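To start, the structure itself, in structure tokens.
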Amino acid sequence: MNYYNKQYKSFFAMCLMISMVICSITGCVSPFSDTGKKAEPLSVSGFAFDTTYTITLHKGGNRKVLDHCISLCTKYEKIFSTTRKDSELYQINKVSRQAAQSGETDGEIQIKISEDMRDIIKKGLYYSRISEGRFDITIDPVSSLWDFSSGKGKVPEKVSIEKALKYVDYRNIKLKKDVLILKKSGIRIDLGGIAKGYIADRLKEYLSEKGVTSAVIDLGGNILCLGGRNENEGFRIGIQQPFADRSETVSVVNIRDRSVVSSGIYERYIKGEDGVLYHHILNPKTGYSYDNDLLGVSIISDKSVDGDGLSTSVFALGLSGGMKLIDSLKDVEAVFITKDEKLHYSKGFKAYIN
């Protein structure tokens, strides 16, 4: 079983927590307008994807562009949400669930899907493969048993987890053009480990098309930068200490046109009746939280969808396996935080540290 035992209780209270923020220690970003006067950044915040988001335009764009960003967030939530009954993903899972409940276990289930759904599932399958199944987009039968959001969640019964695990295996789904094929009924998809990154990339594309040259997209900790503070400087992003003010950071990275994404045990968790802490990064083989030497990991990448998929994948692989995977990839860097409070950097990560 994967969890923190009681001996880590006091340690967890002081452990390092990665939460990507625009560092207050760097001061306010103040770009200039075409007239040479300082222009106030335009910003909008909202709630979607089970988290708060903020999009800030520093150079280019206008309020109408920001309003359309809100519309895009709503659009993608209606595609990728596992809980909204009007979402495309919910309907896909409903078809598979109902087929299993009716006893239709033989034959494939074929469902026509949207272009966005096809693209994100394709990316999800890629990370499922390179992580050797430690990241698995068919985790929904298990993840839906855990309630990490309401504050009232309890540890699911062991028999329920064991039953759900029978339907978790990314190799049971495949794509054929715009058709999703489920090799057996009961297979259900959870895109929570990759959706925010995919959406952030789409928002960045839209902003670029509208002439925005400097912006920060923050989807609940998934940070994606368009351009930098100015022509010579990137945005400075802080890695925050746990339960502390946002100005208290353990490291600051300088980012330009890149993404920073984190995963860790601190994001969402519940405590069992015995005081054991269970976090939201679930092992598809056991149905319980991963129990390794890591508190968290942060990924620097060009695409936020890659940072999203990799942050979960390398956390699941642990320090040694995760670092090996990162060092095998081009233009991707990572910092791992272990339970002894030490930071472990990939080969090129320190080049981004201020």
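The values are calculated or read from the model by the stated rules, or taken from the named source; none is laboratory data. Worth saying up front: this structure is predicted, and the values here are computed from it rather than measured. Virtual Cβ from ideal backbone geometry, glycine too; neighbours counted across all protein chains shown. We work out accessible area using only protein heavy atoms, side chains counted, and drop any ligands, DNA or RNA first. Shrake-Rupley method; radii C 1.70, N 1.55, O 1.52, S 1.80 Å.
Taking strands (runs of 3 or more DSSP E) that do not extend beyond region 255-354, which have at least 1 residues that are over 28 Å from Gly227 (Cα atoms)? Break it down into steps so the answer makes sense when it comes.
Numbers: elements: 259-264, 269-271, 277-279, 294-301, 333-338, 343-345.
Fully inside region 255-354 and qualifying: 269-271, 277-279, 294-301, 333-338.
Pick out the one residue from Ile92, Ile79 that is free of Cβ contacts under 8 Å to residues at least 40 places away in the same chain, closer than 30 Å to Lys163 by Cα and open to solvent by less than 80 Å² (accessible area, probe 1.4 Å). Give the derivation first.
Numbers: Ile92 fails: free of Cβ contacts under 8 Å to residues at least 40 places away in the same chain.
Just a single option satisfies the conditions, and that option is Ile79.
Of the residues making up region 255-273, those that are surrounded by fewer than 24 Cβ atoms within 10 Å (Cβ to Cβ) and in contact (Cβ under 8 Å) with a residue 60 or more places away in the chain number 7.
Residues checked against (1) modelled with pLDDT under 95; (2) within 26 Å of Leu277 (Cβ to Cβ); (3) open to solvent by less than 20 Å² (accessible area, probe 1.4 Å); (4) not small (Gly, Ala, Ser):
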{"position": "Asp116", "(1), (2), (3), (4)": "no, no, no, yes"}
{"position": "Lys123", "(1), (2), (3), (4)": "no, no, no, yes"}
{"position": "Leu145", "(1), (2), (3), (4)": "no, yes, no, yes"}
{"position": "Lys177", "(1), (2), (3), (4)": "yes, no, no, yes"}
{"position": "Ile187", "(1), (2), (3), (4)": "no, no, yes, yes"}
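Taking residues in region 287-315 that are over 16 Å from Asp218 (Cα atoms) and open to solvent by 10 Å² or more (accessible area, probe 1.4 Å), and partners anywhere that are of a type in the set (D, E, K, R) and in a loop (DSSP other than H, G, I, E, B), the pairs with Cβ atoms closer than 7 Å and at least 6 places apart or on different chains are Asp293/Lys339.
Gln98 meets each of the listed conditions (1) outside any helix (DSSP H, G or I); (2) loosely packed, with under 15 Cβ neighbours inside 10 Å apart from (1).
Got at least one residue in region 44-60 being surrounded by fewer than 16 Cβ atoms within 10 Å (Cβ to Cβ) and farther than 22 Å from Asp308 by Cβ? No.
Among the candidates Ser128, Ser150, single out the residue that is modelled with pLDDT under 95 and among the hydroxyl-bearing types (Ser, Thr, Tyr). Going through Ser128, Ser150 in turn, the sole match is Ser150.
Which of the residues spanning region 156-215 are part of a loop (DSSP other than H, G, I, E, B) and aliphatic (A, V, I, L, M)?
Across region 156-215, the qualifying residues are Val168, Ile187, Ile189, Leu191, Ile194, Val212.
Scanning region 320-342 for residues that are surrounded by fewer than 21 Cβ atoms within 10 Å (Cβ to Cβ) and under 20 Å from Ile265 (Cα atoms) returns Ser320, Gly321, Met323, Thr338, Lys339, Asp340, Glu341, Lys342.
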